[in-house]
Structure formats: C-alpha cells, structure tokens
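Undergrad: So that we are looking at the same thing, I have put the structure below in structure tokens.
The values are calculated or read from the model by the stated rules, or taken from the named source; none is laboratory data. The shown structure was predicted, so the numbers you read here are calculated from the model rather than taken from an experiment. Cβ placement follows ideal geometry from the backbone for every residue including glycine, while neighbour counts extend to all protein chains displayed. Note: areas computed on protein heavy atoms with side chains; ligands, DNA, RNA excluded. Shrake-Rupley method; radii C 1.70, N 1.55, O 1.52, S 1.80 Å.
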Amino acid sequence: MRSTTARTAAAALSVLAVLLAPTTATADTASSPGDTLALPVRDALAALPVQPESRTGYERTKFRHWTDADRDGCSTRNEVLLEEAVTAPEQDASCRLTGGSWYSPYDDTYFTAARALDIDHLIPLAEAWDSGASTWTAKERERYANDLDDPRALIAVSATSNRSKADQDPATWMPPAGGYRCTYATDWITIKTRWSLTIDQAEQSALTDILDGCPNTPVEVTLAR
C-alpha cells in the first residue's frame, strides 16, 4: 500500500511540474506559502495526500472566526455577505446590513434577508482539524477560519443547507442542487490544496466519482501555508 501511494504521489508531482505556468511556482518551491499553482482539477486531486483522519482534541473554539482583520468595522461574516450580494444591502456605520439579496448555490435559492444565510467554511472547521489543522498554531487556524483571500474558502448559503452539511465531507454530503456539484467538488479540492490539507480514502473515492462526470477544469490557487 505504501509503495502504491508513493508512486501515485510521485506521478502527480511530475504532472504538476510540467503543468506549472511560467508565472507560477517551480516544482522545487511549490510548497511555499504565496506560491501559485495551476493544474487540472483531477491532477490536483491526485496530488492530495491520502491519510486517515482523527478528530481527537477538536473544539470549534480553537478556530477564532468572524474577526475584523482589517479593522473596518465589518466582521468576516459581513465581508462575505457584502462581496456575494446579488443586490447590495445598505450598510450603516456599525456594518449592520439591511435589504439586499443573495443567491445560495447549494440549493439554487434566492434570499432577501441576511439572517437567512450562513457563511459556510467550504472545508468545515472540524474537517480541517481532521486533515491537518490539529497541528497548526492558533494564529494559522484563525487565518483559515477567516480566509477572505480566496473567494472559494467562505461562501454565503442558506442556513438550511449549511446546517444539513454540518461537518461532512463529499463522501456523505453534496449540495442538493445537482448543477453545482462539479463546482463544489472542484472548490473543495482547491481549498484543500491551498491549505495543504489531506483527504481520507472515502473522500478521495467520492471526489473521483464526482469528477468523472465533470470537465477536467483547470484550477489556480495561491498556497496559504
């Protein structure tokens, strides 16, 4: 099993080295924060390390979230709502939002009240913990939980769909809107790549099955760590 995994990883890294564009990282520096990788999504999936997961020690409070990193008065939650609004809401001096409209791609539904929406961590906090974040510093987990630098990391969706998803990965949950599933799987792989997270065997199998029915979309991602 170990030799097969090693051969798979080596093959994936070889493909990655060939596919990196001139403006992206070289193969030798591809693991450095700030490097940008560009490769087909199936190759990105093949390059993710496959490891068992463990939730030992997980507590949601270990990921400080909805901070105001730029100190403009708007929390991460409201920053995402402002960025993803279909119709812009009104914003007061305290960053309270009124009016506006949003689209939840998970269930193909529009909303006109911010309170009906949750901000979903595409890779749930517990899943991130299971697949590598348990070894991170508290500051790294805070950065992850408030990642506004990649618009795929946090997404405004209906509270109903977000709570249905909870901390599940694609092996046990996919968006009810079938037309969004290729995007969801692609973004899942992209954010796992961005944060150098692993996948487990069931997750890998589920993502492979999903991508079999999807275009081999090229993805570009800047590594966060």
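Undergrad: Pairs needed: first member in region 36-49, within 10 Å of Thr217 (Cα to Cα) and open to solvent by less than 10 Å² (accessible area, probe 1.4 Å); second member anywhere, at pLDDT 95 or above and in a loop (DSSP other than H, G, I, E, B); C-beta distance under 7 Å; at least 6 residues apart or different chains.
TA: If the second residue must be at pLDDT 95 or above and in a loop (DSSP other than H, G, I, E, B), the pairs left are Val41/Asn216; Val41/Thr217.
Undergrad: Within region 44-73, track down each residue that is under 30 Å from Asp212 (Cα atoms) and touching a strand residue (DSSP E or B) at 6+ places or on another chain (Cβ under 9 Å).
TA: Ala44, Leu45, Ala47, Leu48, Pro49, Val50, Gln51, Glu53 - these are the residues of region 44-73 that are under 30 Å from Asp212 (Cα atoms) and touching a strand residue (DSSP E or B) at 6+ places or on another chain (Cβ under 9 Å).
Undergrad: Moving to a separate point now. Give just the number: which of (1) closer than 18 Å to Ser196 by Cα; (2) assigned to a helix (DSSP H, G or I); (3) among the charged types (D, E, K, R) does Arg55 not satisfy?
TA: Status for Arg55: all satisfied but (2).
Undergrad: Could we say that Ala177 is surrounded by fewer than 18 Cβ atoms within 10 Å (Cβ to Cβ) and at pLDDT 95 or above here?
TA: yes
Undergrad: From the list Ala38, Ala21, Ala17, Ala11, which one is outside any helix (DSSP H, G or I) and modelled with pLDDT under 95?
TA: Ala21
Undergrad: Only one of these conditions is not met by Glu220: (1) buried (at least 21 other Cβ atoms within 10 Å of the Cβ); (2) in a strand (DSSP E or B). Which number is it?
TA: For Glu220, the failing item is (1).
Undergrad: Go through the residues of region 189-206 one by one and say whether even a single one is in a helix (DSSP H, G or I), closer than 18 Å to Thr109 by Cα and in contact (Cβ under 8 Å) with a residue 40 or more places away in the chain.
TA: no
Table: residues versus (1) surrounded by fewer than 16 Cβ atoms within 10 Å (Cβ to Cβ); (2) among the polar types (S, T, N, Q).
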| site | (1), (2) |
| --- | --- |
| Gln168 | yes, yes |
| Arg181 | no, no |
| Tyr184 | no, no |
| Thr190 | no, yes |
| Leu197 | no, no |
| Gln204 | no, yes |
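Undergrad: Please determine whether any residue of region 142-162 is at pLDDT 95 or above, closer than 22 Å to Glu53 by Cα, touching a His at 6+ places or on another chain (Cβ under 6 Å) and not β-branched (Val, Ile, Thr).
TA: yes
Undergrad: Please specify each residue of region 167-225 satisfying the condition of being of a type in the set (Lys, Arg) and over 20 Å from Leu148 (Cβ atoms).
TA: Within region 167-225, just Arg181 meets the criteria.
Undergrad: Restricting attention to region 195-214, does a residue exist that is closer than 20 Å to Asp43 by Cβ, among the charged types (D, E, K, R) and in contact with a Pro (Cβ under 7 Å, 6 or more places away or on another chain)?
TA: yes
Undergrad: OK, next. Filter region 79-134 down to residues that are aromatic (Phe, Trp, Tyr) and part of a helix (DSSP H, G or I), then give me how many there are.
TA: Here the count works out to 1.
Undergrad: On to the next question. Only residues that are buried (at least 18 other Cβ atoms within 10 Å of the Cβ) and out of contact with any strand residue (DSSP E or B) (no Cβ under 9 Å at 6 or more places or on another chain): list them for region 133-163, please.
TA: Ala133, Trp136, Arg141, Arg143
Undergrad: Then there is this: Determine the pairs where a residue that is without any contact (Cβ under 8 Å) to a residue 60 or more places away in the chain, located within region 102-117, has a partner that is of a type in the set (D, E, K, R) and open to solvent by 40 Å² or more (accessible area, probe 1.4 Å) with Cβ atoms under 7 Å apart, the partner being 6 or more residues away or on another chain.
TA: Once the first residue is without any contact (Cβ under 8 Å) to a residue 60 or more places away in the chain and sits in region 102-117, its partners that are of a type in the set (D, E, K, R) and open to solvent by 40 Å² or more (accessible area, probe 1.4 Å) give Trp102/Glu84.
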